[in-house]
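What follows is a single structure, written as structure tokens, with notes after it.
Readers should treat all values here as calculations from the given coordinates under stated rules, not as data from a laboratory. These numbers come from a predicted model, not from an experiment. Note that we place each Cβ from the backbone using ideal geometry, even for glycine, and neighbour counts take in every protein chain shown.
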Amino acid sequence: MNVKNILTNLETKHPGEKEYLQAVHEVLESIESIYNENPQYESAKIIERLVEPDRILTFRVSWVDDEGQVHVNLGYRIQFNNAIGPYKGGIRLHPSVNLSILKFLGFEQTFKNALTTLPLGGAKGGSDFNPKGKSDAEIMRFCQAFMLELWRVIGPNTDVPAGDIGTGGREIGYMYGMYKKLQVENTGVFTGKGLNWGGSLVRPEATGFGATYFTSEMLASNNDSFQGKIVTVSGFGNVAWGVALKVTELGGKVVTISGPDGYIYDEKGLNADKIDYLLALRASNNDIVSPYADEFPEAKFIAGKKPWEVKCDIAMPSATQNELNGEDAAKLIANGVKYVAEVSNMGCTPEAIEALHNAKIPFGPGKAVNAGGVGVSGLEMSQNAMKLNWTTEEVDAKLHQMMSSIHSACIKFGTEDDGYINYAKGANIAGFIKVADAMLDQGIV
Ligand code: 2IT
């Protein structure tokens, strides 16, 4: 395989899809040598098949706001790869959503889901709908209109959507309600459901908790722990609060959170009360963080900036793609950062990752670090299929096991000659081998 040629062809076929091309580039670079050592992959054209989604559904979503105005959004579902299990991945509702972003997310999801140890294929969906400032009734009407198209292509053994940016428990409720109405069946076709209608304990916290368990393993490989560490976190959505809660519980101090308006620096660190306050702020359908500084006077709000200028031991980007760039990485390195764990999907730019690798700073890639979210989604599917519920302790123990096995896979495939663990390479190779071998077994389809 020649990575350059494949990418040039893809750029010609999919001009301007920069996030998708970025994600493919990153994976192909790390698997190049494994690929070339195994000619059976090349003869089955595994790469050419793996980089193109199985299929893409795009549709129009028309809905009416509280003033009676009609709105038209675009809806998508990318069924990327189902070699190892039913398509599985979240629904992103954000004005930035486009084909490139969903294709990158679906591609990443395929590898991430392979790492979870569960039989889950990769998918992603969403809409350019902006939930910010919308009333509850507007959110419901949008979700219902979205499902009027999506229901046709999903099913408990076909494609199982879940939450992502802009889609939480409330949205999943509205979408699932409409699905059942149309399909006349009561199966766990979504994950992240409410606890009293098929959801799993620990699913809301799973991405953040799993990310913290993974980072603990990174620390433990250096005989280190979260105890007394200063941690910078970005975002405060579905994921960041779970990170803040678990890091705090393990003795670390989370000193930042952020929104599109800027970041909060709280020298004393977040605690359970402050996290409760943040959750209430989020529930107001508003993604600004500045009110936190009014509520807690020890905190400062820094408008229009990102938290990567704050001195820390561990940085955990938990907001969105490409939120930590080369310059940010240089600042973190200059300030003595010891670990970077990417909790968001593709949160770091290629320049940032390169700078961290050059400085030999352990970098956990999103597809490994945040896999606990979809991992517990997989556990929710198992519980639904068995029609029973596991306890918090059972789910949490399985999440722990999963994160630990992902960490071992990264070490197995990512340890370099000098002992530095290239987690990104390890995760890419481990995920690739599982999917590629399944594709080989199943013939040319
Ligand atoms: O990026 C992700 O892994 C998710 N948004 C969760 C997907 C899932 O199916 O739980």
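Summary table below
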{"read-out": "Of Gly188, Gly262, Gly237, the one that fluctuates the most in a GNM where the chain has Cα springs shorter than 10 Å", "value": "Gly262"}
{"read-out": "At R0 = 35 Å, FRET efficiency that the Cβ-Cβ distance of Lys45 and Asn157 yields, to 0.05", "value": "0.80"}
{"read-out": "Segment 199-346: Rg to Rh, with Rh as the Kirkwood radius over Cα pairs", "value": "0.94"}
{"read-out": "Of Val160, Val289, Val374, the one that fluctuates the most in a GNM where the chain has Cα springs shorter than 10 Å", "value": "Val289"}
{"read-out": "Among Ala385, Ala123, Ala341, residue whose mean-square fluctuation peaks in a GNM of the chain (springs only between Cα atoms under 10 Å)", "value": "Ala385"}
{"read-out": "Electrostatic dipole magnitude of the chain [Cβ: Lys, Arg +1; Asp, Glu -1; Cα centre; debye, to 20]", "value": "740"}
{"read-out": "Stretch gain in nm, segment Asp418-Gln442, where the contour uses 0.36 nm per residue and the Cα spacing is subtracted", "value": "4.9 nm"}
{"read-out": "Global geometry of segment 43-109, whether rounded, prolate or oblate, following the gyration tensor of its Cα atoms and the 1.5 cut on a/c", "value": "prolate"}
{"read-out": "Table column - 3J(HN,Hα) (Hz), segment 362-373, Karplus curve with 6.51, -1.76, 1.60, x for Gly and Pro", "value": "x, 10, x, x, x, 5, 9, 4, 9, 5, x, x"}
{"read-out": "Lysine pairs meeting the criterion (Cα under 26 Å, 8 or more apart or interchain), as found in segment 164-256", "value": "5"}
{"read-out": "Antiparallel %, DSSP beta bridges [both residues in the chain], to 5", "value": "60"}
{"read-out": "Rough spin-label spacing in nm, given labels placed 7 Å along Cα→Cβ, for Ser290 and Thr391", "value": "4.8"}
{"read-out": "At R0 = 30 Å, FRET efficiency that the Cβ-Cβ distance of Asp66 and Glu149 yields, to 0.05", "value": "0.85"}
{"read-out": "Between segment 3-35 and segment 47-115, the Cα center-to-center distance that results, in Å", "value": "19"}
{"read-out": "Dipole magnitude of segment 1-144 about its Cα centre (Cβ charges: Lys, Arg +1; Asp, Glu -1), debye to nearest 20", "value": "280"}
{"read-out": "Positive dipole terminus of the chain, leading residue within Gly173, Ala341, Thr256 (C-beta point charges)", "value": "Gly173"}
{"read-out": "Over segment 135-202: Kirkwood hydrodynamic radius from C-alpha pairwise inverse distances, Å", "value": "12.0"}
{"read-out": "HN-Hα J in Hz across segment 352-361 - Karplus 6.51, -1.76, 1.60, θ = phi - 60°, x for Gly and Pro", "value": "5, 5, 4, 4, 5, 4, 4, 8, 6, 9"}
{"read-out": "Computed over segment 1-98, Kirkwood Rh from alpha-carbon pairs, angstrom", "value": "16.2"}
{"read-out": "Order of Leu245, Leu195, Leu120 - criterion: other Cβ atoms within 10 Å of each residue's Cβ, fewest first", "value": "Leu195, Leu245, Leu120"}
{"read-out": "Added length on full extension, which subtracts the Cα-Cα distance from 0.36 nm per residue, Ala334 to Leu7", "value": "114.4 nm"}
{"read-out": "Mean Cα-pair separation over length for the chain, i.e. relative contact order, pairs under 8 Å, 6 or more apart, %", "value": "15"}
{"read-out": "Segment 171-282, dipole about Cα centre (Lys/Arg Cβ +1, Asp/Glu Cβ -1), debye to the nearest 20", "value": "280"}
